[in-house]
1. Given the options Arg206, Arg231, name the one that is in the same structural domain as Ser269 (by TED's automatic domain parsing) and either at pLDDT 95 or above or under 16 Å from Leu245 (Cα atoms) (or both).
2. Can you tell me which residues in segment 149-176 are free of Cβ contacts under 8 Å to residues at least 12 places away in the same chain and within 22 Å of the chain's Cα centre (by Cα)?
3. Could you please give the count of residues in segment 251-269 that are under 21 Å from Ala3 (Cα atoms) and either among the basic types (Lys, Arg) or without any contact (Cβ under 8 Å) to a residue 40 or more places away in the chain (or both)?
4. Can you spot a residue in segment 133-151 that is at pLDDT 90 or above and over 27 Å from Leu253 (Cα atoms)?
5. List the strands (runs of 3 or more DSSP E) inside segment 1-115, counting only whole elements, that have at least 1 residues being buried (at least 17 other Cβ atoms within 10 Å of the Cβ) and under 16 Å from the mean Cα position of the chain (by Cα).
6. Which one of the conditions (1) free of Cβ contacts under 8 Å to residues at least 60 places away in the same chain; (2) out of contact with any Asp or Glu (no Cβ under 9 Å at 6 or more places or on another chain) does Phe114 fail to meet, given that it meets all the rest?
7. Would it be correct to say that Asn121 is within 22 Å of the chain's Cα centre (by Cα), modelled with pLDDT under 90 and surrounded by 12 or more Cβ atoms within 10 Å (Cβ to Cβ)?
8. I'd like to check something: does segment 19-36 contain any residue that is farther than 23 Å from Leu169 by Cα and touching a residue at least 24 places away in the same chain (Cβ under 8 Å)?
Amino acid sequence: MIAILCDSNALLEGYPGLAKTLTVRTLAQIMDLKFSRIQNTPDLMPSDITGTYIIEESGGKRNFKFQPGPVFANVVLADEINRATPKTQSALLEAMQEKQVTVGTQTFKLDLPFFVLATQNPIEQEGTYPLPEAQADRFLLKIAVNYPTYEQELQIVDRFTAESKDAKLKVMLNKNHLLTLQGLTRQVPIANDIKQRAVKVILATRQNKEVIQYGASPRASIGLILAAKARALMQGRNHVSNEDLNILAYPILRHRIILNFEAERKGMSKDDAIKQILDKVK
C-alpha cells in the first residue's frame, strides 16, 4: 500500500504458495481498480505485454486495429518477472517509468493510477534472467514475503476450509480517492533532522566499503523519504518519525545494495548490513 500511495512499484520476493497473487488481486478489488496478471515465461514477447496491431475486416476493407495488452490496467501483477527475457522486462519497465507504452511508432498513455507489483521466486534460478541492478532500482520497495507463524497459519487454515473462497469484498477507495491520497502523501511534513538522517543512511551505503561493494543511488533517498511520509499518513500522523525510517530502510535498500565478497563469505545478509548502518547513523 505504501508503494501505491507513493505512485510507485514494488517487488515481492517469496516462496510459492504465500498468497502474493491473492494479496495483489485483493488490493485492486478494494480500490475498485482494473487488475491484470502477466505470467512471465522465457518465450513471452514484449508485444504479449504491451499489445499489438491486428488486421480487422469491415465492409470489405482491412484496417489495422490496436489490441491492448495486459499492461493496460491500473494494477498489474507481473508474476515471476525474472523468468522474462531482458527485452520483455524492458518493455514492462518502460511502462512503469513513463506510464506509457510504445508500439511501433505510436505511443499510448496508460490509465492512472498505474502500478506494477512484480514477484520473483528466490529458490529457482535455472532458466531465469535476474533483474539488472539499474532496473531493480526502479522498484520503490523489495518486500520479503515470509512464511506465516504457527498462529497465522492456523487462521489461514480455518478461513479457507470453513468459509467460501469467494468472499465478497467491500470497495474502500476509488481512483479519485487514491489520486487525492497520493497528493496528500507528498504534503506530510518532515523535520530537517529526520530528512538529514534519511540522506545520511543512503550515503552510508556508499561509504561502508568493508561490507558493501556498491551502494544505493539518490533515488533511494527520495524513495525512503517518500515511503516514510506514506507510512505516517497511513498511521494518521502529520509528521515522519525515525521509526518510519528504521522500518522502511530494509525494503528500500534490499535491492539497491550489493555486498562485497568478504561480507558474503561471513554469511552476512543485506538486512544485516542495513541494520549495521541504521545502528551507526543516529
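The values are calculated or read from the model by the stated rules, or taken from the named source; none is laboratory data. The structure displayed is predicted, hence computed values, not measured ones. Note that we place each Cβ from the backbone using ideal geometry, even for glycine, and neighbour counts take in every protein chain shown.
1. On the way: Arg206 fails: either at pLDDT 95 or above or under 16 Å from Leu245 (Cα atoms) (or both).
Testing whether each residue is in the same structural domain as Ser269 (by TED's automatic domain parsing) and either at pLDDT 95 or above or under 16 Å from Leu245 (Cα atoms) (or both) leaves just Arg231.
2. Asn176
3. To start, the set of residues in segment 251-269 that are under 21 Å from Ala3 (Cα atoms) comprises 251-257.
Narrowing further to those that are either among the basic types (Lys, Arg) or without any contact (Cβ under 8 Å) to a residue 40 or more places away in the chain (or both): 254, 256.
Number satisfying all stated conditions: 2.
4. Yes, segment 133-151 contains at least one residue that is at pLDDT 90 or above and over 27 Å from Leu253 (Cα atoms).
5. Working: elements: 10-14, 35-39, 51-58, 61-68, 75-79, 100-103, 106-109.
The qualifying strands (runs of 3 or more DSSP E) are 10-14, 35-39, 75-79.
6. So Phe114 meets the others, but not (2).
7. Numbers: within 22 Å of the chain's Cα centre (by Cα): yes; modelled with pLDDT under 90: yes; surrounded by 12 or more Cβ atoms within 10 Å (Cβ to Cβ): yes.
The answer is yes for Asn121.
8. Residues of segment 19-36 that are farther than 23 Å from Leu169 by Cα, as a first pass: none.
No, the conditions are met nowhere in segment 19-36.
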